[in-house]
Amino acid sequence: MSQVIAICGTMGSGKTTVLQQLSRQIPGCVRLEEDDYNPAPLRSLAEVQAWQERGGQVDEFDLSLLAAELQARTAVPDNLVLLETQFGRLHATLRPWIDLQIWIDVDADIAFARKVAQLTRQFLNSPETASAEESLNWIAGFCESYLQTTRKLFFRQRTEVGGQCDERINGSGTPQDVCARLQAVLAPVLAVEKMNLLCKPEFHGPSTRPQERTP
Amino acid sequence: MNQSTTDDPSYVPTIRFPKRVVILGSDVTAWMAATMLTHHFGRLGICVTVCPGDSNHASAFRACATSSALVGLLQNIGVDEHDMLRACRGTYRLATQFSDWVHDGRDFWQPFGTASLRVENLALFDAWLSERKAGRLLRPLHSYSPHWTASLAGKSPHSFSAPSLFAESGQYGFHLDTDDLAAWFRTTALKFGAEEISGAIQKVAPNGRGGMAQVITDGGKAVPGDLFLDCRAISSLSGKGPRKNWTSWHDCFCGDRAAQIRMAGRRPVPVFTHLTGLDNGWVRAIPLAEEIDSTYVFASDTETDDQAGQRLRTMTENGVTAGDSLRSDVEFCSIDYGRRTAFWKDNVVFLGHAACQIDAVASTQLHLIQTGIELLMELFPDRNIGRATRSEFNRRMTSIADEFRDVAQLHHVLTRTKQARSGRVGRSESAAECRGLGVSDNLQTVLDVYDACGAVEVRHAESTPVEEIRSLLAGCGRLPARPSLAVRSIDPGRIQAALRQMVTTNEALVNDLPLHEELLDWIHTGPFQQSGKQQTRPA
């Protein structure tokens with residue numbers, strides 16, 4: 001029987017990096033990204049604000065293509081699908097397909113710093129794509145949008161998506177650390193043959209508690 | 001209840017009942033008892049008089065989460081549940097979510113109605129366990145419940161168009177303000193014909209046989225009775241030593257004190273109770289119509305009131321409401337877990353807090369109160385109040401209360417609280433840890449049998465259903481050594497297909513239900529409420 005594991009987290013939580021690592025350790029598994037199947041993602045601050053003003057309903061995004069892909073992938077026996085998603089079970093279309101949902105929990109400041117560093121590196125590594133002024137303007141806009149909108153969305157995502165997860169793992173530290181924690185969660189519940197592929201880490205890293213931290 | 005006695009107008013009772021029933025107390029227990037007795041026995045000539053006690057409800061929580069038994073009670077007395085919800089700032093309840101209960105980061109749910117879920121004519125648990133043990137299943141047990149699906153989708157248990165699965169099964173509960181519920185039962189009881197005596201109880205005159213003869217109020221009024229129901233919250237927490245006639249359960253539960261706070265609610269309104277495990281206790285969040293009531297039950301030997309209050313504030317302000325304003329200061333109360341050694345003495349029956357105080361983790365307090373009243377009605381005595389009746393009531397209430405205690409304690413068997421306090425973690429040590437906390441022999445037997453083969457037995461129909469207990473233990477990560485043998489005769493492919501179909505069916509079931517807040521708006525502030533005219537009612 002095929003299974004779908006959803007990995008959720010805020011922007012900058014490291015879910016893409018962790019899933020890349022994990023998928024390399026489970027040969028034959030399928031990795032899907034929600035963004036690839038979202039025909040109308042919110043790309044600008046204005047779009048995000050307009051969506052929030054409409055009520056901020058996640059079901060507004062049409063993920064039927066992703067659902068069809070999940071149906072096709074899980075029709076294959078013994079497939080393991082790793083799904084990177086920002087909505088998880090909160091989206092009604094995805095809910096029936098997700099067998100296990102894991103939240104990668106990081107403090108908002110860490111997620112923000114990671115994202116700014118990533119974007120800055122992108123500009124530095126590809127100076128031909130934009131001028132220095134354009135790049136700085138873009139980053140300044142990103143920071144402003146964080147203060148106005150993204151920060152609230154972080155909190156909402158942590159509460160609503162994180163609150164529907166089966167496991168929450170600590171997303172701080174290196175990607176290897178986070179991957180090891182993820183393996184510790186998955187090893188006891190994955191099929192025997194897949195479980196053997198995962199190393200058993202020494203500890204189960206404590207996760208930070210969303211309720212006790214400032215959003 | 002034997003309805004024939006109340007439906008037949010020509011029926012004339014030939015047995016001499018104790019006609020003057022006097023109830024001492026003013027909380028939910030007292031007024032629930034008054035409501036049920038007047039409704040069922042009023043026409044038999046039994047007069048129910050309520051003498052309100054003092055207002056010091058020593059261990060009363062300000063909000064309560066009910067079991068589905070209250071749905072049955074309301075139907076039994078012919079009252080519209082929306083009336084009660086309106087009066088009690090109520091919301092619906094389909095499940096309990098446990099966060100960080102066994103260890104940090106792990107969540108699981110305990111939905112209502114798991115007993116009715118079957119796969120290939122087997123209990124869901126057995127089918128699920130078989131596949132889980134074989135490594136072919138990632139989905140947690142609770143995720144096959146329609147109540148869980150509805151909880152995640154934020155749906156209400158009732159539809160505006162046709163009777164829903166939840167309405168037909170009656171498998172749902174409520175979140176209610178406790179004082180409002182007492183006030184609503186008072187209004188109902190008075191409407192049914194109960195009498196209320198004004199003034200506090202000044203003195204209780206004994207009858208010379210260990211019972212009561214009459215109650216004297218501070219206005220000097222004497223209220224004689226044949227049968228007395230003592231529902232007063234008696235506190236032994238004033239430092240006067242052990243409580244008389246009281247079996248303490250202090251060593252069964254970690255927390256002995258509770259901090260409570262109210263804050264502004266938010267949307268979506270959860271349709272479930274949320275419990276969070278902490279290293280020194282646990283926090284319960286109950287969503288009311290416009291507020292969230294949070295209670296932190298903690299061990300006072302390792303945390304002061306100030307520390308606990310600050311912790312609760314931090315959690316509620318940062319985690320739950322994201323800065324919404326607090327509606328109240330933190331209030332504290334002590335909890336004296338235990339039960340009376342005898343529930344019925346001569347002509348006095350003890351109910352509610354006067355009879356038993358149980359850990360609120362399983363949300364069974366109100367159910368236990370209701371169970372006590374229903375048992376009293378089943379065994380309602382003739383005028384002589386014979387010894388056999390009293391003994392039977394005491395025997396059954398003792399057994400029921402002990403089983404409720406065991407179920408509540410089961411919630412703590414694998415909690416992080418105990419592990420943190422004992423400094424030990426691991427399943428192999430859990431039994432010893434349990435014994436260290438005073439787990440009863442019966443509960444230890446339940447765990448041993450479950451560990452061996454997955455079977456669980458409950459002694460009383462009033463208790464938590466077997467499947468809910470197995471669901472709880474599975475959620476805690478405690479699985480039996482092997483699945484049931486019966487499941488081995490079924491092709492795993494059929495089990496997998498049936499399980500997948502359950503998920504699809506559940507989604508379809510909740511798809512057309514209104515959002516929880518849509519139904520709450522209709523109940524609390526909708527046109528029905530404002531105009532007094534009946535609109536399209538939920539089926």
- [ ] Have a look at A:L153, A:L147, A:L83, A:L124 and point out the one that is in contact with a Leu (Cβ under 7 Å, 6 or more places away or on another chain) and among the hydrophobic types (A, V, I, L, M, F, W, C).
- [x] A:L83
TODO: Identify all residues within segment A:121-152 that are buried (at least 20 other Cβ atoms within 10 Å of the Cβ) and either closer than 30 Å to B:L275 by Cβ or modelled with pLDDT of 90 or more (or both); write none if there are none.
DONE: none
Open item on the list: Give me the residue from segment B:452-474 that is of a type in the set (S, T, Y) and in a loop (DSSP other than H, G, I, E, B) and, out of that set, nearest to A:R95 (Cα to Cα).
Closed with: B:T464
- [ ] Tell me, yes or no, whether segment B:299-315 has at least one residue that is modelled with pLDDT under 90, crowded, with 19+ Cβ neighbours inside 10 Å and either within 14 Å of chain A (Cβ to nearest Cβ) or out of contact with any Ser or Thr (no Cβ under 9 Å at 6 or more places or on another chain) (or both).
- [x] yes
Task: Unmet criterion (only one of (1) at pLDDT 90 or above; (2) surrounded by fewer than 23 Cβ atoms within 10 Å (Cβ to Cβ)) for A:Q118 - done: (1)
Open item on the list: For segment B:128-139, check the following and say yes or no: at least one residue is of a type in the set (F, W, Y) and either facing chain A (nearest Cβ under 10 Å) or within 29 Å of B:L366 (Cα to Cα) (or both).
Closed with: no
Open item on the list: Out of the residues in segment A:59-95 meeting the condition of being part of a helix (DSSP H, G or I) and buried (at least 19 other Cβ atoms within 10 Å of the Cβ), tell me which one is farthest from the other protein chains (Cβ to nearest Cβ).
Closed with: A:L66
Task: Unique match (being in contact with a helix residue (DSSP H, G or I) (Cβ under 7 Å, 6 or more places away or on another chain) and within 25 Å of B:R93 (Cα to Cα)) among B:G255, B:G281 - done: B:G281
- [ ] For B:G90, state whether it is modelled with pLDDT of 90 or more, among the small types (G, A, S) and under 23 Å from B:L473 (Cβ atoms).
- [x] no
Open item on the list: On the basis of being in a loop (DSSP other than H, G, I, E, B), aliphatic (A, V, I, L, M), within 12 Å of chain B (Cβ to nearest Cβ) and touching a strand residue (DSSP E or B) at 6+ places or on another chain (Cβ under 8 Å), does A:L190 make the cut?
Closed with: yes
Task: 3 or more residues within 22 Å of B:L513 (Cβ to Cβ) and more than 14 Å from every other protein chain (Cβ to nearest Cβ): qualifying strands (runs of 3 or more DSSP E) within segment B:13-115 - done: B:91-93
TODO: Keeping to segment B:150-198, report how many residues are away from chain A (no Cβ under 14 Å), small (G, A, S), farther than 30 Å from B:D218 by Cα and in a loop (DSSP other than H, G, I, E, B).
DONE: 6
Open item on the list: Suppose we filter segment B:377-395 for residues that are touching a residue at least 40 places away in the same chain (Cβ under 8 Å) and either of a type in the set (K, R) or buried (at least 23 other Cβ atoms within 10 Å of the Cβ) (or both); how many remain?
Closed with: 2
- [ ] Take the residues in segment B:475-512 that are among the aliphatic types (A, V, I, L, M) and in a loop (DSSP other than H, G, I, E, B), then tell me which one is farthest from the chain's Cα centre (by Cα).
- [x] B:I490
Open item on the list: Condition check: closer than 13 Å to B:Y172 by Cα, in contact with a Phe, Trp or Tyr (Cβ under 9 Å, 6 or more places away or on another chain) and either part of a helix (DSSP H, G or I) or at pLDDT 95 or above (or both). Does B:S143 satisfy that?
Closed with: no
Task: Residues that are part of a loop (DSSP other than H, G, I, E, B) and among the hydroxyl-bearing types (S, T, Y), drawn from segment A:105-150 - done: A:S126, A:T129, A:S131
Task: Breaking point among (1) under 23 Å from B:M32 (Cα atoms); (2) modelled with pLDDT under 95; (3) crowded, with 23+ Cβ neighbours inside 10 Å, for B:A194 - done: (2)
TODO: Taking B:S59 as meeting all but one of (1) under 14 Å from B:A233 (Cβ atoms); (2) modelled with pLDDT of 80 or more, write down the number of the exception.
DONE: (2)
Open item on the list: So, in segment A:17-41, exactly how many residues are more than 16 Å from the chain's Cα centre (by Cα) and closer than 30 Å to B:L515 by Cα?
Closed with: 2
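The values are calculated or read from the model by the stated rules, or taken from the named source; none is laboratory data. Keep in mind the model is a prediction, meaning the values are calculated, not measured. No Cβ is skipped: glycine too gets one built from the backbone with ideal geometry, and neighbour counts run over all protein chains shown.
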